[in-house]
Amino acid sequence: MGISLRASNHDFPRKTKRLDDPTMTAETAGSRYRREAEECRSNAERALKPIDRETWLWLVSDWETLAEGAEMARPANLRRKWT
């Protein structure tokens with residue numbers, strides 16, 4: 001009679017979420033674009049050269065334009081107002 005060192009699936013908590021888990025929500029295109037804009041804004045703040053800062057801010061504008069378009073394309077009852 002030996003001791004089994006093999007772990008069963010019940011020995012460890014589940015680390016990945018299931019697709020039907022209510023906490024799993026899909027990111028909307030608008031929110032993703034706004035997240036991208038924030039990342040570009042952060043990069044602009046850290047940029048050392050003025051041309052780099054200007055380029056990052058140009059990208060911020062583009063991402064925000066995309067976000068606005070994506071949010072306008074969503075049904076009115078699902079739109080999120082950004083202030």
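At a glance:
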item	result
Inter-site label distance for A70 and E39 at 7 Å from Cα along Cβ, in nm	1.1
Percentage relative contact order, the stretch 27-73, counting C-alpha pairs under 8 Å, at least six apart	52
³J(HN,Hα) computed for each position of the stretch 56-64 - Karplus, 6.51 cos²θ - 1.76 cosθ + 1.60, integer Hz, glycine/proline x	4, 5, 4, 5, 4, 4, 4, 5, 5
Extension gain, D62 back to R32 (0.36 nm per residue minus Cα-Cα distance, nm)	9.5 nm
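No value in this document is a laboratory result; all are computed from the given coordinates. Values in this document were obtained by computation on a predicted structure and should not be read as measured data. Quick reminder, even Gly has a Cβ in these numbers, built from the backbone with ideal geometry, and neighbours come from all protein chains shown.
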